[in-house]
Amino acid sequence: MKVKIWDGMVRLFHWGTVLLLPLCWYTADQGMMEWHMTCAYLLMSLLLMRVLWGFFGTTTARFDHFLRRPGAVIHYLAHWRHHKRPYFGHNPAGGYMVLVMLLLLMAQVLTGLFATDDILAEGPLNPYVSGQLASSMTSLHHLFFNLILASVALHLTAILFYRLNGVNLVEAMLTGYGFTAEGRRCNARTPIRWLLPLTLTTSGVVFGLILPLW
């Protein structure tokens, strides 16, 4: 049965991250630090929005839906060959992969606030910490990026594996619709009462942090 699985907010975060993460790398590699920081702040706002959505969003977006007990993850990994039906949302292992990605991305943007290249660019909070702490944060900033690359590689491998087994995860994240044997439907409408605070919060992050750069 083909049903609505992913709401627009989840897909906006996913594809926004797909766009912004390589832009963050490219602009830093080319020394375009104003643009690098702009992309990083946009990514930060998406992360903030996704964390809030994990508590107040639609069914499959919420943490309490896809973060299952560790025993369920172990059972899934031990018997993954026998799982024929698609899950309604993230499978037990995939849910924790989402959590790991969110934590790595948050660590990346937070350490970037303190980082410096010791030449021209520095994060907005760099002047408020010691040189030693700033150096440590800069090293962690590079380390977390490498860990993000590793997690992205694992994510792409999983996508390819599922595609070879007849499950098109990319199409589901593009359209919001996917197949599930559970016959359940996601409450895909954005709760109106959360639209205003989410919009104000993310807009405040974007305009409050980006505009001073220009």
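The values are calculated or read from the model by the stated rules, or taken from the named source; none is laboratory data. Bear in mind the structure is a predicted one, so any value in this text is a computation, not a measurement. Note that each Cβ is placed from the backbone with ideal geometry, even for glycine, and that neighbours are counted across all protein chains shown. These accessible areas exclude ligands, DNA and RNA; they are computed on the full protein's heavy atoms, side chains included. Shrake-Rupley method; radii C 1.70, N 1.55, O 1.52, S 1.80 Å.
Structure data summary
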item	result
Residue list for the stretch 55-69, filter: of a type outside the set (Gly, Ala, Ser), open to solvent by less than 90 Å² (accessible area, probe 1.4 Å) and part of a helix (DSSP H, G or I)	Phe56, Thr59, Thr60, Phe63, His65, Phe66
Number of the condition not met by Arg163 [criteria: (1) assigned to a helix (DSSP H, G or I); (2) under 16 Å from Ala28 (Cα atoms)]	(2)
Some residue of the stretch 164-171 being under 16 Å from the mean Cα position of the chain (by Cα), open to solvent by less than 40 Å² (accessible area, probe 1.4 Å) and among the hydrophobic types (A, V, I, L, M, F, W, C)	no
Pairs with Cβ under 8 Å, 6+ apart, first in the stretch 169-185 and at positive phi, second at pLDDT below 90	Gly176/Lys4; Gly176/Ile5; Gly176/Trp6; Gly176/Asp7; Gly176/Gly8; Gly176/Ala188; Gly183/Met1; Gly183/Val3
Test: Ala107 is in a helix (DSSP H, G or I) and either free of Cβ contacts under 8 Å to residues at least 24 places away in the same chain or under 19 Å from Phe66 (Cα atoms) (or both)	no
Selected residue (only one of Tyr87, Tyr96 is assigned to a loop (DSSP other than H, G, I, E, B), closer than 23 Å to Trp15 by Cα and not acidic (Asp, Glu))	Tyr87
Where Tyr76 falls short, out of the listed (1) part of a helix (DSSP H, G or I); (2) modelled with pLDDT of 85 or more; (3) open to solvent by less than 40 Å² (accessible area, probe 1.4 Å)	(2)
Residue count for the stretch 111-129, restricted to those that are assigned to a loop (DSSP other than H, G, I, E, B) and either of a type in the set (A, V, I, L, M, F, W, C) or surrounded by 20 or more Cβ atoms within 10 Å (Cβ to Cβ) (or both)	9
Hey, Met37 closer than 25 Å to Val129 by Cβ, surrounded by fewer than 21 Cβ atoms within 10 Å (Cβ to Cβ) and hydrophobic (A, V, I, L, M, F, W, C) or not	no
Residue that is farthest from Trp6 (Cα to Cα), among those in the stretch 130-152 that are open to solvent by less than 50 Å² (accessible area, probe 1.4 Å) and either modelled with pLDDT under 90 or not hydroxyl-bearing (Ser, Thr, Tyr) (or both)	Ala134
Subset of the stretch 2-34 [closer than 18 Å to Thr58 by Cβ and open to solvent by 60 Å² or more (accessible area, probe 1.4 Å)]	Lys2, Leu12, Trp15
Any hit, the stretch 83-90, residues being touching a Ser or Thr at 6+ places or on another chain (Cβ under 9 Å), loosely packed, with under 13 Cβ neighbours inside 10 Å, in contact (Cβ under 8 Å) with a residue 60 or more places away in the chain and closer than 30 Å to Met173 by Cα	yes
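Residue-by-condition table, conditions (1) under 19 Å from Ala107 (Cβ atoms); (2) assigned to a helix (DSSP H, G or I):
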| position | (1), (2) |
| --- | --- |
| Leu12 | no, yes |
| Leu21 | yes, yes |
| Gly31 | no, no |
| Glu34 | no, yes |
| Leu43 | yes, yes |
| Leu48 | yes, yes |
